[in-house]
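The values are calculated or read from the model by the stated rules, or taken from the named source; none is laboratory data. What you see is a predicted model, and the numbers here were worked out from it, not measured in a lab. Backbone-built Cβ (ideal geometry, glycine too); neighbour counts: all protein chains shown. Note: accessible area is taken over every heavy atom of the protein model, side chains too, but ligands, DNA and RNA are not part of it. Shrake-Rupley method; radii C 1.70, N 1.55, O 1.52, S 1.80 Å.
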Amino acid sequence: MSTFDITQLENLEVNTSFDTVTIPVPIGDWRAVIKKYEIRMPKDQPLVEVYWCIDEHEVVAETGREEPMVRQTIWLDVTENGLDNGKGKNVQLGKLREALGQNDASKPWGFGKLIGCVAVVKVAHTAGKDDGTVEAKVVRVAEID
C-alpha cells in the first residue's frame, strides 16, 4: 500500500483511460486469509460477508492486484437473543468455523476471531450485474492439510 496523499486528488488531471473490467480471482481452490468481515441486514435477515485475501503468487499475477480479494456471503439465522444454534440453523457459519478449528462449543466464540485465519477457499464465478461482468465468490472453505 502506498503512502499517497489523498489531498492531491482534488486538483489531479490525467491523460489516460482506465480499465472498465475487473479481473476476477480465478476459479479453483486457493490458500487465503480472512482480512475483514461485515455484518449487515440488507433485507429481513442479517448476513455476514467474509473478505478473503488470496495468498497465492499466480493469483496476484493474474489479477494484477497485490491483495486479490474474494467475498463469502453467509446468511445468519437469529433469534431475539442472538445467533440461533438450533438444529439446521447457521449451517454455513458452522462449516466456516469448523474449517477454521473454531466450532468447539466449550470455547467462547465471536466474529472477531475470524480475522487472520487461514484456510483453503473454493472460488467460483457468477454472472454479475446486468453489464455482463463476472464476479468471484467463495463457495466452500476447507482446513489446510
Selection status of ASP29, among the charged types (D, E, K, R), part of a loop (DSSP other than H, G, I, E, B) and closer than 30 Å to VAL134 by Cβ: no
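Could you tell me which residue of the range 104-143 is nearest to ARG31 (Cα to Cα), considering only residues that are assigned to a loop (DSSP other than H, G, I, E, B) and open to solvent by less than 70 Å² (accessible area, probe 1.4 Å)?
Of the range 104-143, the ones assigned to a loop (DSSP other than H, G, I, E, B) are 104-110, 115-117, 128-133, 143.
From what is left, the residues that are open to solvent by less than 70 Å² (accessible area, probe 1.4 Å) are 104, 109-110, 116-117, 128, 132-133.
Details: ASP104: 23, TRP109: 23, GLY110: 23, GLY116: 12, CYS117: 11, GLY128: 24, GLY132: 28, THR133: 24 Å.
For the range 104-143, the residue satisfying everything is CYS117.
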Close pairs from the range 82-104: first in contact (Cβ under 8 Å) with a residue 12 or more places away in the chain, partner among the acidic types (Asp, Glu) and part of a loop (DSSP other than H, G, I, E, B), Cβ under 6 Å, at least 6 apart: LYS89/ASP77; ASN90/ASP77; ALA99/GLU143
Tally, over the range 24-53, of residues that are in contact with a Leu (Cβ under 8 Å, 6 or more places away or on another chain) and surrounded by 14 or more Cβ atoms within 10 Å (Cβ to Cβ): 6
Qualifying residue in the range 60-68 (condition: under 18 Å from ALA119 (Cβ atoms) and touching a residue at least 12 places away in the same chain (Cβ under 8 Å)): yes
Unmet criterion (only one of (1) touching a residue at least 24 places away in the same chain (Cβ under 8 Å); (2) assigned to a helix (DSSP H, G or I); (3) open to solvent by 50 Å² or more (accessible area, probe 1.4 Å)) for THR73: (2)
